[in-house]
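Peer 1: I have a structure I would like to understand better, so I am pasting it below and will then ask my questions one at a time.
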Amino acid sequence: MSAMTASDSTQTAGGRTTGGERNAFAGIDRTGKLIYGFLRRIPTWVLWLIVIVWSLPAGSLFVNSFRTRDAQRDSGWWESFYEGGWTLSNYTEVLGAEQSGGLARALINSFAIAIPATVIPVAIAAMAAYAFAWMKFRGREWLFIGLVSLLALPNQVALIPLLQLYSGGAHWTIPGTEFTLTLFPDFDLAGQAIAVWLTHTAFALPFAVFLLHNYISSLPGELFEAARIDGANHVTIFWRLVVPLSVPALAAFTIFQFLWTWNDYLVAITMIGGNGEAWPATIRIASMAGEFGVREHVLSAGAFIQAGVPLIVFFALQRFFVRGLLAGSVKS
């Protein structure tokens, strides 16, 4: 018995775990089962309570968006339920043209940025993902590795170089000569919405290609072989097979990309700068408080107007979003 115990407490030549290691793993496993069992036994009302507490800040902002400036400063938001004094003046003031340009124009600018910055990278990434997955060409692996490596590049470090590129172009003087080669012409894009959605397109492409490539490469190869036997070329295969079969993945990334571009502030303020006519909603809302914060009472109303569009998009495309998340997890 003692020999057996000593044998169990030492590692055998086959690489099996020792008795002490097995006891340690067993203890960790028991602890995990206890925690898992405790979490499963949490009553539903506790979870709903957590949801309510988590939603209180957003709910208070929503209530304050219907209260006047004096009411917001003099009493808590919960007192409005029995004091009354509800008003729509904050929303009419935010959407009105007299409010430093109004939020209505800024929402149009947000659409002018978000729609191209969503459609263009999705279209390019879908074609590139198909090429990387099912087309044979020299240097394919290295090109894909280089593209995916761009995910490690922080977007913030590229903003100023891109702004310089948009405002002055890119030029290179050949050493030892006076000849200057124009690599990128000066299109004078700085301060315009096109600079913002071009930047979003460039930032989105590496992740979009990576995501869609993983999905498209998992499609059955027999479909493509049968299409080639029938005489279909790559264009026909892409539009007739890949696009219809990739709708869940395309829709999922479309939602993500639209939300990112719609809620963006940093790229927009960097590329547009002081051109107030091209400001999207995020910049306009940030400027609504005024120079000394005397109009802070309209911020909550502007924030909920701006947040309404992503909510509509998400709930309208929710079924595609869920299908995109579950794509490939269940075999048909």
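The values are calculated or read from the model by the stated rules, or taken from the named source; none is laboratory data. All of these numbers come straight from a predicted model, not from anything done at the bench. When we count neighbours, we look across all protein chains shown, and the Cβ atoms used for this are built from the backbone with ideal geometry, even at glycine. Please note that ligands, DNA and RNA were not included when accessible areas were found on the heavy atoms of the full protein model with its side chains. Shrake-Rupley method; radii C 1.70, N 1.55, O 1.52, S 1.80 Å.
Peer 1: Name the shape class, rounded, prolate or oblate, that the alpha-carbon gyration tensor gives for segment 110-160, where a ≥ b ≥ c are the square roots of its eigenvalues, rounded holds for a/c under 1.5, and otherwise prolate holds if a/b is larger than b/c and oblate otherwise.
Peer 2: Since a/c reaches 1.5 but b/c is at least a/b, the shape of segment 110-160 is classed as oblate.
Peer 1: When the chain is fully extended, how far beyond the present Cα-Cα distance does T182 get from S167, taking 0.36 nm per residue of separation? Mind dumping the intermediate values first?
Peer 2: Details: separation 15, 0.36 × 15 = 5.40 nm, distance 1.38 nm.
Separation in residues times 0.36 nm, less the Cα-Cα distance, equals 4.0 nm.
Peer 1: If you don't mind, there's one more thing I want to ask. When Lys and Arg each count +1 and Asp and Glu each count -1, what net charge do the other residues less than 13 Å away from R73, Cβ to Cβ, add up to? Please report the intermediate quantities before stating the final value.
Peer 2: Details: positive: R67, R69, R295; negative: D70, D74, E79, E296.
Local charge sum for R73: -1.
Peer 1: Another question about this same structure. I'd like the accessible area for I237, computed on protein heavy atoms only with a 1.4 Å probe and all protein chains in place. Round to 10 Å², please.
Peer 2: In the full protein context, I237 sits at about 0 Å².
Peer 1: Let a ≥ b ≥ c be the square roots of the eigenvalues of the Cα gyration tensor of segment 73-188; is it rounded (a/c under 1.5), or, if not, prolate (a/b larger than b/c) or oblate?
Peer 2: prolate
Peer 1: Whose amide H sits under 5 Å from the amide H of A170, counting only residues 5 or more places off or on another chain, with H placed in the peptide plane?
Peer 2: Distant-sequence amide H within range of A170: L183, F184.
Peer 1: Evaluate the relative contact order of segment 197-317 (contact order divided by residue number), counting alpha-carbon pairs under 8 angstrom at least 6 apart; express in whole percent.
Peer 2: Reported as a whole number, the value is 22 percent.
Peer 1: For I115, what accessible surface area do you get with a 1.4 Å probe? Give it in Å², rounded to 10.
Peer 2: Using a 1.4 Å probe on the heavy atoms, I get roughly 80 Å².
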